[in-house]
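The values are calculated or read from the model by the stated rules, or taken from the named source; none is laboratory data. The structure displayed is predicted, hence computed values, not measured ones. Cβ: placed from backbone, ideal geometry, glycine included. Neighbour counts: every protein chain shown. When the accessible area is computed, the model is the full protein with side chains, heavy atoms only, and any ligands, DNA or RNA have been set aside. Shrake-Rupley method; radii C 1.70, N 1.55, O 1.52, S 1.80 Å.
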There are 2 protein chains.
Amino acid sequence: MKTVSTSKSHGGIQGVYSHASEACACDMTFAVFVPPQAKNGPVPVLWYLSGLTCTHANVMDKGEYRRLAAELGLIIVCPDTSPRGEGVADEKDNWQFGSGAGFYVDATQQPFAANYRMYSYITEELPALIAANFPADMSRQAIFGHSMGGHGALTIALKNPERFKSCSAFAPIAQPSTAGWSKPALEKYLGADEAAWRAYDTTLLIEDGKRFPEFLVDQGSADSFLQEGLRPWLLDEACKKAGIGLTLRMQDGYDHSYNFISTFMDDHLRWHAARLG
Amino acid sequence: MKTVSTSKSHGGIQGVYSHASEACACDMTFAVFVPPQAKNGPVPVLWYLSGLTCTHANVMDKGEYRRLAAELGLIIVCPDTSPRGEGVADEKDNWQFGSGAGFYVDATQQPFAANYRMYSYITEELPALIAANFPADMSRQAIFGHSMGGHGALTIALKNPERFKSCSAFAPIAQPSTAGWSKPALEKYLGADEAAWRAYDTTLLIEDGKRFPEFLVDQGSADSFLQEGLRPWLLDEACKKAGIGLTLRMQDGYDHSYNFISTFMDDHLRWHAARLG
């Protein structure tokens, strides 16, 4: 692991790091905020998964999580959204596929399967790296994310309920297997057989019996992706049927940007801190 | 005035606007945050002046001012740092002069005098535009800034003490007329006669009798520009001699970045709000 930069912030350290990823077969960059409390021993870890087109940097720059994370004593880990670099298959002019659009899946189709293994990267390789290099209490983890990263957080929590104490999302893609901006990506990463997509679709994972105790979801009413891409009512239906507690808050007048995310960041950090103990 | 974008944030509106500037003889872009309290009538205005290489966007993205400005009921205006565009004289490879480096002066030397009139822009043209287009109580204004913009805030407050209720700065350039990264710019904008530079140097303005009741200044101890470029001890000496109240806080381990600024943003907003009434 290589330190790209560190900078003191709110009494803690905001760092950027890179490493040669085995899962993604390329160099990967990620951001970690370590709060001041970590001087006295390991602290809980909150994972933030970003949306389409983002890198580790967007939420680090615009998410406004450090003030309260420093107060609550949380490590915040912000991974990249896809493998990147020369030799990594991509569709340069398509912001919904390839670089910046890993969708947190393990691709099975070539040429993407060689690098696009974000599910393994986020659930196995990066946690091991965090555990080895940061003052992290890995017995206390939580996960949240935005849009494509909200989809990532929900699906990863449903598949690893023993690992995460809590899960929340800002404007998540509720049903990626039928939404226009995600369905073509799932087909290219996972193949034409839709059965394989179910492992990466929140509503279908719930339909197939996966469970998580409760979710917090905020959604802006002025979000231009609400009707076609996000559709939180599908998550609401699935949770109701399954008896999963869903706190779904429609936020009047908010869009899909980091102005929305940063407005409700404090609420989400407190939600997780209360459940991380 | 043209609206470039608006986005709801913390109950208020973060907007970006552009207009044809007469002072700078080019199109200028600026950001304004209007807090929710403005629905009930005009609210105070806090000006934030940015540092070298910045546009209006840096503090808007990374400054983390909206949460508390929305609570305190402050309009935050974030101007650009220089004129820009085709036909505007520039030194493309010099980050300390030209685009992004207006130093808040009215240039007198050609070809720069045609556009680089940031002092008039910030103190006359933009305030008139704000007064005409936003729910701003122009009888209650305050000003702050970072680095080159800290220099801008201090000099503008000293020359307009009747207009501003308060002034603060993050890591300001205390004496630009002798610092390596600003002296060449003052010479190119204002000519070789150093007497003309005194009107844009905080320590020399104080020496020449300009006064302001008190300043709050935060400075990071790990700021790589501290020794050569910023030198807050020169401001301390000048204020002590003149009997100006200076709260100068050396902040252990902080650098020159927005991680430093955002850490102490709340303190500065509260400082200004208390004095704006």
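Mind checking which pairs have a first residue in the range B:120-137 that is polar (S, T, N, Q) and a second that is open to solvent by 20 Å² or more (accessible area, probe 1.4 Å), Cβ under 7 Å, 6 or more apart or different chains?
B:S120/B:D106; B:N133/B:M1
Residue by residue through the range B:186-223, note down the ones that are within 30 Å of B:E91 (Cα to Cα), acidic (D, E) and over 20 Å from the mean Cα position of the chain (by Cα).
B:E187, B:D193, B:E194, listed by residue number.
Residue check: is B:I76 of a type in the set (A, V, I, L, M), open to solvent by less than 10 Å² (accessible area, probe 1.4 Å) and without any contact (Cβ under 8 Å) to a residue 60 or more places away in the chain?
yes
Does the range B:207-214 contain any residue that is assigned to a helix (DSSP H, G or I) and over 25 Å from B:S99 (Cα atoms)?
Yes, because at least one residue in the range B:207-214 is assigned to a helix (DSSP H, G or I) and over 25 Å from B:S99 (Cα atoms).
Can we say A:E22 is more than 13 Å from every other protein chain (Cβ to nearest Cβ), in contact with a helix residue (DSSP H, G or I) (Cβ under 7 Å, 6 or more places away or on another chain) and open to solvent by 50 Å² or more (accessible area, probe 1.4 Å)?
Details: more than 13 Å from every other protein chain (Cβ to nearest Cβ): yes; in contact with a helix residue (DSSP H, G or I) (Cβ under 7 Å, 6 or more places away or on another chain): yes; open to solvent by 50 Å² or more (accessible area, probe 1.4 Å): yes.
Answer is yes for this residue.
Go through A:V59, A:V4, A:V34 for me and flag whichever is within 14 Å of another protein chain (Cβ to nearest Cβ) and under 18 Å from A:I156 (Cβ atoms). Write out each step before concluding.
Working: A:V4 fails: under 18 Å from A:I156 (Cβ atoms); A:V34 fails: under 18 Å from A:I156 (Cβ atoms).
So the residue among A:V59, A:V4, A:V34 that is within 14 Å of another protein chain (Cβ to nearest Cβ) and under 18 Å from A:I156 (Cβ atoms) is A:V59.
Since A:R84 meets every condition but one in (1) closer than 20 Å to A:T123 by Cα; (2) without any contact (Cβ under 8 Å) to a residue 24 or more places away in the chain; (3) among the basic types (K, R), which condition does it not meet?
(2)
Here are some conditions: (1) more than 14 Å from A:P135 (Cβ to Cβ); (2) away from chain B (no Cβ under 11 Å). A:S9 meets all but one. Which one does it not meet?
Failed condition: (2).
Looking at B:D252, B:D223, which is the one that is of a type in the set (D, E, K, R) and in contact with an Asp or Glu (Cβ under 6 Å, 6 or more places away or on another chain)?
Result: B:D223 is the single residue among B:D252, B:D223 that is of a type in the set (D, E, K, R) and in contact with an Asp or Glu (Cβ under 6 Å, 6 or more places away or on another chain).
Does the range A:51-64 include one or more residues that are open to solvent by less than 10 Å² (accessible area, probe 1.4 Å), closer than 30 Å to A:I173 by Cα and in a helix (DSSP H, G or I)?
yes
Inspect all residues belonging to the range B:223-237 and state whether any of them is within 13 Å of chain A (Cβ to nearest Cβ), touching a strand residue (DSSP E or B) at 6+ places or on another chain (Cβ under 6 Å), on the phi < 0 side of the Ramachandran plot and open to solvent by 20 Å² or more (accessible area, probe 1.4 Å).
Within the range B:223-237, the first condition is being within 13 Å of chain A (Cβ to nearest Cβ), and the residues that meet it are B:223-224.
Now restrict to residues that are touching a strand residue (DSSP E or B) at 6+ places or on another chain (Cβ under 6 Å): none.
No.
So is A:L186 away from every other protein chain (no Cβ under 14 Å), surrounded by 21 or more Cβ atoms within 10 Å (Cβ to Cβ) and over 21 Å from A:W47 (Cβ atoms) or not?
Spelling it out, A:L186 is indeed away from every other protein chain (no Cβ under 14 Å), surrounded by 21 or more Cβ atoms within 10 Å (Cβ to Cβ) and over 21 Å from A:W47 (Cβ atoms).
Would you please name the residue that is nearest to B:L126 (Cα to Cα), looking only at residues in the range B:143-167 that are among the aliphatic types (A, V, I, L, M) and more than 9 Å from the chain's Cα centre (by Cα)?
The extreme case among them is B:A157.
Here are A:L204, A:L129: which of them is open to solvent by 10 Å² or more (accessible area, probe 1.4 Å), hydrophobic (A, V, I, L, M, F, W, C) and closer than 18 Å to A:E237 by Cβ?
A:L204
Considering only the range B:245-276, state which residues are in a loop (DSSP other than H, G, I, E, B) and either within 13 Å of B:A169 (Cβ to Cβ) or touching a residue at least 60 places away in the same chain (Cβ under 8 Å) (or both).
B:H256 - this is the single residue of the range B:245-276 that is in a loop (DSSP other than H, G, I, E, B) and either within 13 Å of B:A169 (Cβ to Cβ) or touching a residue at least 60 places away in the same chain (Cβ under 8 Å) (or both).
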